[in-house]
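In what follows, a structure is listed as C-alpha cells, so that the remarks can point back to it.
The values are calculated or read from the model by the stated rules, or taken from the named source; none is laboratory data. Treat the numbers as computed from the prediction; the structure is a model and nothing was measured. In this analysis, Cβ positions are derived from the backbone assuming ideal geometry, glycine residues included, and neighbour counts consider all displayed protein chains. Just the protein is used for accessible areas: all its heavy atoms, side chains included, with ligands, DNA and RNA removed. Shrake-Rupley method; radii C 1.70, N 1.55, O 1.52, S 1.80 Å.
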Amino acid sequence: MLKTEICDLLGIEYPIIQGGMAWVATAELAAAVSNAGGLGIIGAGNAPADFVISEIRKVKKLTDKPFGVNIMLLSPFVEDVIQAVYEERVPVITTGAGNPAKYIPMFKEIGTKIIPVVPSVALAIKMEKYGVDAVIAEGIESGGHVGELTTMVLVPQVVDAVKIPVIAAGGIADGRGFVSAMALGAKGVQLGTVFVCAEECTAHDNYKNAIIKAGDRGTIVTGRITGHPVRIIKNKLAREFVKLESNNSTVEEFEKLGLGKLKIAVVDGDADYGSIMAGQISGMVNEIRPARKIIEDIIGGAKATINSIKEI
C-alpha cells in the first residue's frame, strides 16, 4: 500500500505529490518534497515563462530527484510556459483550469508524464482518452479552486471509471487520510495545505499562522457566481465576498475584489484582506515542520493505521 504504481511511474519513493499552489509552491518547497521521497511541484499560476524557467533551474540545483510543474491552462502566459517546460524537459506536469489535450503529443515525445486535476468522472474519462498518464481526483475539501464533489464520493467513482492510476486530493493531511485514499482505490495522494506549513515553504509566516489557527470550520467557498469557486480561510476579505454574494453582485465585481489578493497574502502577509487559500484540513495542521518530517509522519501514521486495522 505504501509503494504503488505511482511510485514506479514517477520515479519516487512514496506516492505523495505536493500540490502546485500559485505563489506558494516555489522551487524551495518542491525540492524539499522531492528530496524527502515525494514529488515536489512548482506552481506556475499566472506567472510569465521567465519566472517559471528560473524556478525550474533552481530546483535542478537543489535536487537530483524527479519534480514537476503545475500549469494553469487559463494563464495569459500559458503558451510560453508550455514551451518553457518542454524545453527544460520537466519530468512531470500537472494541469488545471483547462484541457491539456493539444499539448499531450509534444510532452509524450520527450517522456514527460501528464497528470491533470479533475473534479468529475466525465472529465477523468475524457482525459484518459486523450492519453494522460494519471489523474488527480480533487474533492471540494481542497483549498483554492474547487469542484462540487467530496473526495470520499469522487475518488472511488473515478477509480471505477478509468484504467489509469488515480491520485486522491482534498482533505488529506496525515496517515489516516493516506490510508483512506488508498482504500478508495487511489494509487497516491496530493497534499497542498499541509505543505504550506512546511519550513521550506516561502509563504509569509502570517499565511502559515492563519492556517494553524484555523479550526474545522475555518474556511469558506467564495465566488461561485464566477464559475470558478475558491476555498479560502475566513477573514475580512472572505466577509467582503459574502457581502457581494448577498447583494447579487456581478462577476466583474467579484473578479475586481479578488484581483491580486493571493499574492498579497502569500508574499506580503496580509492575513486580513489577502486570499489565504487553504483546505478544510486546516483544522488538523497545527505546526510548522520540515517537508521531510511531514512525509515521515504521514508514512509512519499510515503504517500504524494499517496495523490497527489488522488487529480488528
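What to note about this one:
- Single condition Ala302 does not satisfy, out of (1) modelled with pLDDT of 95 or more; (2) crowded, with 17+ Cβ neighbours inside 10 Å; (3) among the hydrophobic types (A, V, I, L, M, F, W, C): (1)
- Top-ranked residue of region 188-209 - restricted to ones that are open to solvent by less than 20 Å² (accessible area, probe 1.4 Å) and assigned to a helix (DSSP H, G or I), ranked as farthest from Val267 (Cα to Cα): Val194
- Of the residues Val117, Val121, Val155, the single one that is surrounded by fewer than 21 Cβ atoms within 10 Å (Cβ to Cβ) and out of contact with any Pro (no Cβ under 9 Å at 6 or more places or on another chain) is Val121.
- Residue pairs whose Cβ atoms lie under 9 Å apart, sitting 6 or more positions apart in sequence or on different chains, and linking a residue in region 229-254 that is within 14 Å of Gly279 (Cα to Cα) to a partner that is open to solvent by 90 Å² or more (accessible area, probe 1.4 Å) and modelled with pLDDT under 90, are Pro229/His145; Pro229/Glu148; Val230/His145; Arg231/His145.
- Count of region 159-176 residues which are outside any loop (DSSP other than H, G, I, E, B), touching a strand residue (DSSP E or B) at 6+ places or on another chain (Cβ under 7 Å) and not hydrophobic (A, V, I, L, M, F, W, C): 0
- Any hit, region 262-275, residues being in contact with a strand residue (DSSP E or B) (Cβ under 7 Å, 6 or more places away or on another chain), over 23 Å from Ala198 (Cα atoms) and not aromatic (Phe, Trp, Tyr): no
- Filter result (among the charged types (D, E, K, R), under 20 Å from Gly283 (Cβ atoms) and surrounded by 15 or more Cβ atoms within 10 Å (Cβ to Cβ)) within region 212-262: Arg231, Lys234
- In region 1-42, the residue that is surrounded by the fewest Cβ atoms within 10 Å (Cβ to Cβ) out of those that are polar (S, T, N, Q) and in a loop (DSSP other than H, G, I, E, B) is Thr4.
- The helices (runs of 4 or more DSSP H) falling completely within region 249-312 that include 1 or more residues that are of a type in the set (Val, Ile, Thr) and touching a Gly at 6+ places or on another chain (Cβ under 7 Å) map to 261-266, 291-310.
- The single condition from (1) closer than 20 Å to Val166 by Cβ; (2) surrounded by fewer than 23 Cβ atoms within 10 Å (Cβ to Cβ); (3) of a type in the set (Val, Ile, Thr) that Val78 fails is (1).
- Given (1) out of contact with any Leu (no Cβ under 8 Å at 6 or more places or on another chain); (2) among the β-branched types (Val, Ile, Thr); (3) within 30 Å of Asn35 (Cα to Cα); (4) surrounded by 17 or more Cβ atoms within 10 Å (Cβ to Cβ), number of the condition Val267 does not satisfy: (4)
- Total residues in region 158-186, condition open to solvent by 10 Å² or more (accessible area, probe 1.4 Å) and within 27 Å of Gly111 (Cα to Cα): 9
- Counting residues in region 138-154 that are within 17 Å of the chain's Cα centre (by Cα) and within 19 Å of Ile295 (Cα to Cα) gives one or more.
- Within region 222-236, the presence of at least one residue that is part of a loop (DSSP other than H, G, I, E, B), of a type in the set (S, T, N, Q) and over 18 Å from the mean Cα position of the chain (by Cα) is confirmed.
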